[in-house]
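The values are calculated or read from the model by the stated rules, or taken from the named source; none is laboratory data. These numbers were taken from a predicted model, which means no experiment stands behind them. Glycine also receives a Cβ, built like all others from the backbone with ideal geometry; neighbour counts cover every protein chain displayed.
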Amino acid sequence: MSQALDASGAGSDTPNLDFAGTTPYEDYVQADVLTHLQHLRSDDPGEMVFLVTTQVMELWFTVIVHEWETAAKALREDRIPAAMDALKRSLRELEALNASWRPLAQLTPAQFNSYRSALGEGSGFQSAMYRRMEFLLGDKSASMLVPHRGAPRVHAELEKALQEPSLYDEVLRLLARRGLPVPASVLDRDLSQRYEPSPQVEAVWTELYADPDGQADLHRLGEVLTDVAELVWRWRNDHLVATRRAMGAKTGTGGSAGVTWLEKRAQKNVFPELWTARSHV
Ligand code: HEM
């Protein structure tokens, strides 16, 4: 940043206050837009933090999708260090995302009820950016596009993400290029379908984990992916526990069985063979 000089030649100690139009900060950050997107639906003072936490999480989802898409592209081009950098950034971001549960983690049913009815049928289940995260992790599902039929841009982005290789698909293709026996049925799979665990892929990870120094960069990649998987699982569990506290076994605003449905979602392992291979090493 430029700094005005005073008579002695030293830098002036007052910041520049004089801008012809909006400030350069505003031009870059668009803070005025960001801080006027809080359209509350109730008079309850607790609704503000519920809405802002949800918006903050949406922003983190956006950053994490960006990192994982960067990592997937780098893997496709055999640029493993660049992929590792993006994945490691995403770990710190996932930690920040998970920390943002704190303001909502201890909501009582009465507090949540104060604005819950104002949410109508709105539910995080309809979050397109969360769905893109899940698609990148390999959890594809065409039916998850249905809620977005009325929003052409969002629908097109999700459709593209559904058809593209996930981050995990790119990892498995890399392992195959490095001479590991990833079966053709996995490499040529229908990318728009949910990734199903494969015994042969489990054997590949078992081999890599049994000899960490053999292809050390691939072993390190496996560990960073395991960190990602663990932090995603922690987000799902924090969400589950916050939901249990705030609404018990009531039906969700999105129409699901609520906690029972979330329990099932939280049970699924991200990058499944990275977990099951550990039993065989
Ligand atoms: C304590 C407050 C919260 C409660 C009680 C709650 C409750 C629920 C429930 C019951 C569901 C299941 C679908 C449904 O029927 O609605 C759900 C899904 C979901 N919620 Fe929340 N939620 C809360 C906060 C949040 C926040 C802050 C976010 C951040 C964006 C969020 C994101 C999601 C997502 C992404 C799903 C879909 C999960 C999946 O597809 O596996 N939730 N939530």
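The table for this structure:
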| item | result |
| --- | --- |
| Counted residues, the stretch 79-105 - those being under 17 Å from H66 (Cα atoms) and either in contact with a Pro (Cβ under 6 Å, 6 or more places away or on another chain) or among the charged types (D, E, K, R) (or both) | 7 |
| Residue list for the stretch 41-63, filter: away from the ligand (no atom under 14 Å from the Cβ) and in contact (Cβ under 8 Å) with a residue 40 or more places away in the chain | R41, S42 |
| H66, sole failed condition from (1) within 21 Å of R234 (Cα to Cα); (2) within 16 Å of the ligand (Cβ to nearest atom); (3) not aromatic (F, W, Y) | (2) |
| The stretch 225-235 - residue that is under 29 Å from S117 (Cα atoms) and surrounded by fewer than 18 Cβ atoms within 10 Å (Cβ to Cβ) and, of those, farthest from the ligand (Cβ to nearest atom) | R234 |
| Any chance V49 is within 22 Å of the chain's Cα centre (by Cα), within 24 Å of L158 (Cα to Cα) and assigned to a helix (DSSP H, G or I) | no |
| Members of the stretch 85-94 found to be more than 16 Å from the ligand (Cβ to nearest atom) and of a type outside the set (S, T, Y), listed by number | D85, A86, L87, K88, R89, L91, R92 |
| Test result for W101, over 23 Å from A31 (Cβ atoms) and modelled with pLDDT of 95 or more | yes |
| Matching residues in the stretch 246-281 - criterion: being crowded, with 16+ Cβ neighbours inside 10 Å, closer than 20 Å to P109 by Cα and more than 6 Å from the ligand (Cβ to nearest atom) | V259 |
| Matching helices (runs of 4 or more DSSP H) fully within the stretch 97-179 where at least 1 residues are near the ligand (Cβ under 9 Å from one of its atoms) | 109-116, 128-137 |
